[in-house]
Amino acid sequence: MARFGTITPVKGRAATEQHLRDLAWLRRVRDRIDREYAQPLDVEALARGAHMSAGHLSRQFRLAYGEAPYSYLMTRRIERAMALLRRGDLSVTEVCFAVGCSSLGTFSTRFTELVGMPPSVYRRDAAGATAGMAPCVAKQVTRPIRNREAPVASRS
């Protein structure tokens, strides 16, 4: 019996082998998103590269990683945007395009959903927030919230 949030167990050698091949393709898709987040990527192109239909890729990716491929891609883009905004040397628009987003409105909306504040406010407030922190620690404490919306921060 399949449980929610897990990939369905398979029976038989051929099914097990196919299942393992599918998992390997899903890892390749995730790795491609991690590497090429700033490139124009869509689910159809990712699915073609994994030899799956877009719907099958989306369902299996969600089962394996807890979110759809597009959501995972946007989370990666927002993570990189947060790092660029903390540097403070690029405008929000420049950051938007640097991370692969083609719409400033969509970028700002998704950023606000994941981080809890608009990118302009984050840029202003977070520039010195990680000063003196090891980069690996800064990455962990500034990671956007995934699979749910961030609480909206009060504006000062």
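The values are calculated or read from the model by the stated rules, or taken from the named source; none is laboratory data. These figures come from a predicted structure and were not determined experimentally. A quick note on method: Cβ atoms are made from the backbone with ideal geometry, for glycine too, and the neighbour counts reach across all protein chains shown. Protein only, heavy atoms only, side chains kept; ligands, DNA and RNA dropped before computing areas. Shrake-Rupley method; radii C 1.70, N 1.55, O 1.52, S 1.80 Å.
If you go through segment 54-81 and keep only what is open to solvent by less than 10 Å² (accessible area, probe 1.4 Å) and among the aliphatic types (A, V, I, L, M), you end up with Leu57, Leu73, Met74, Ile78, Ala81. The residues of segment 26-41 that are touching a residue at least 12 places away in the same chain (Cβ under 8 Å) and either in a loop (DSSP other than H, G, I, E, B) or within 24 Å of Val115 (Cβ to Cβ) (or both), listed by number, are Arg30, Ile33, Asp34, Tyr37, Ala38, Gln39, Pro40, Leu41. If you scan segment 15-52, which residues turn out to be among the hydroxyl-bearing types (Ser, Thr, Tyr) and either open to solvent by 60 Å² or more (accessible area, probe 1.4 Å) or in contact with a Leu (Cβ under 7 Å, 6 or more places away or on another chain) (or both)? If the condition is that a residue be among the hydroxyl-bearing types (Ser, Thr, Tyr) and either open to solvent by 60 Å² or more (accessible area, probe 1.4 Å) or in contact with a Leu (Cβ under 7 Å, 6 or more places away or on another chain) (or both), then Tyr37 is the only one that fits. Residues that are at pLDDT 95 or above, out of contact with any Leu (no Cβ under 8 Å at 6 or more places or on another chain) and aliphatic (A, V, I, L, M): does segment 123-145 have at least one? The answer is no, given that none of the residues of segment 123-145 is at pLDDT 95 or above, out of contact with any Leu (no Cβ under 8 Å at 6 or more places or on another chain) and aliphatic (A, V, I, L, M).
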